[in-house]
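First comes the structure, then the notes that go with it.
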Amino acid sequence: MPEEKEELINRIFNESCLDTMARMPENFIDLTITSPPYNVGIKYDGYNDSRHPEEYFDFIKKVASGLYRVTKKGGRLCLNVPFIGNSYLVGKSQELQFYPSPFIDIFSTTNWIFRDFFVWIKSSEPENPNIFSGNSTTWGSWLSPSCPYARCFLEAILIFHKEDKTLQEKGISDITKEEFLEYTKNAWYFPVETNREHPAPYPLELPKRCMKLFSWVNAIVYDPFAGSGTTPVACVKNKRRYIASETSEGYYKRAVWRVRDEEAVISLPFG
Ligand SMILES: C[S@@+](CC[C@H](N)C(=O)[O-])C[C@H]1O[C@@H](n2cnc3c(N)ncnc32)[C@H](O)[C@@H]1O
């Protein structure tokens, strides 16, 4: 049974996103920003990240359908997934497939309209984009043409919308001219998150860019895979309302603390 909207807003739920979405009414969410578990063998608290691909993609399909139901017409979805682009990595494990194409296929078959594609270049020095951060040891042969492979310094941010490309409601925009000029480029340069209290967090910069580019102030933003709570923290910082789900109790508590700290700062007279 859908719950009263107000009871869901500005809350993080320690449960599966499928359960949270089942409690949401239709046409409720303005924007989803998330990165799902990728099925690449990351050691999460209580979640198996090495499933058979069929089981994994069945789950992603259920999430995609649930998100479609709860999103407003004209609402958007920003999905951060990695590039797994070479046969060296894919050949090492039967669980791995080339990414991001399966995500584009699955979300498209659940009626989401694929809209845009941003590439996040993991640069540790934004003013010097050639200084990369990330995993840099996947080559097959060293200083030799025998069997070299590309090292991956990129992640994808796939953008979808529901039914209409234009937001259906009017609102207040808070994006500056400089931000708009920067964020509308399809290559984004910013560093990875260095705080390792979660095994796979994204930096605040990622949800900040997505929410400023794709939603009005006060929009309802959902993160079905909240992890350490980066999306809800970005919501508090940028005056959006948040809803988030996370199955791990440890990550959930971490997310709640981070959000409370941020809310406390914002409520200070000069916050
Ligand atoms: C890639 S991480 C998200 C990290 C997050 N963006 C951050 O910045 O901390 C994916 C998260 O999904 C959680 N998870 C796995 N299955 C879930 C489910 N069914 N519902 C909600 N969360 C789930 C995992 O515990 C993990 O913390």
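The values are calculated or read from the model by the stated rules, or taken from the named source; none is laboratory data. All of these numbers come straight from a predicted model, not from anything done at the bench. All Cβ positions, glycine included, derive from the backbone under ideal geometry; neighbour counts span all protein chains shown. We work out accessible area using only protein heavy atoms, side chains counted, and drop any ligands, DNA or RNA first. Shrake-Rupley method; radii C 1.70, N 1.55, O 1.52, S 1.80 Å.
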Pair list, Cβ < 8 Å and 6+ apart or interchain, from segment 108-119 residues that are under 17 Å from Val70 (Cα atoms) to residues that are surrounded by fewer than 14 Cβ atoms within 10 Å (Cβ to Cβ): Ile113/Lys165
Helices (runs of 4 or more DSSP H) fully within segment 3-71 counting 2 or more residues that are more than 13 Å from the ligand (Cβ to nearest atom) and open to solvent by 30 Å² or more (accessible area, probe 1.4 Å): 5-8, 53-70
Every pair of residues 6+ apart whose Cβ atoms lie under 8 Å, when the first sits in segment 33-55 and is at positive phi while the second is within 8 Å of the ligand (Cβ to nearest atom) and open to solvent by 30 Å² or more (accessible area, probe 1.4 Å): Gly46/Thr247
Tabulated pairs, segment 201-216, first closer than 9 Å to Ala234 by Cβ and touching a residue at least 60 places away in the same chain (Cβ under 8 Å), second within 11 Å of the ligand (Cβ to nearest atom) and part of a helix (DSSP H, G or I), C-beta under 7 angstrom, 6+ apart or interchain: Pro207/Thr230; Pro207/Thr231; Pro207/Ala234; Met211/Ala234
Residues being near the ligand (Cβ under 10 Å from one of its atoms) and of a type in the set (D, E, K, R) - total across segment 225-248: 1
Selection from segment 168-206 of residues that are more than 16 Å from the ligand (Cβ to nearest atom), open to solvent by 50 Å² or more (accessible area, probe 1.4 Å) and in a loop (DSSP other than H, G, I, E, B): Gln168, Glu169, Lys170, Ile172, Ser173, Thr176, Thr184, Lys185, Asn186
Check on Ala219, in contact (Cβ under 8 Å) with a residue 40 or more places away in the chain, more than 9 Å from the ligand (Cβ to nearest atom) and surrounded by 14 or more Cβ atoms within 10 Å (Cβ to Cβ): yes
Subset of segment 222-271 [modelled with pLDDT under 95 and surrounded by 24 or more Cβ atoms within 10 Å (Cβ to Cβ)]: none
Given (1) under 17 Å from the mean Cα position of the chain (by Cα); (2) surrounded by fewer than 15 Cβ atoms within 10 Å (Cβ to Cβ), index of the condition Cys78 fails: (2)
Subset tally (residues that are modelled with pLDDT under 95, open to solvent by less than 70 Å² (accessible area, probe 1.4 Å) and small (Gly, Ala, Ser)) for segment 145-167: 0
Matching residues, segment 231-271, being in a helix (DSSP H, G or I), within 22 Å of Ala219 (Cβ to Cβ) and of a type in the set (A, V, I, L, M): Val233, Ala234, Val236, Ala255, Val256, Val259, Val265, Ile266
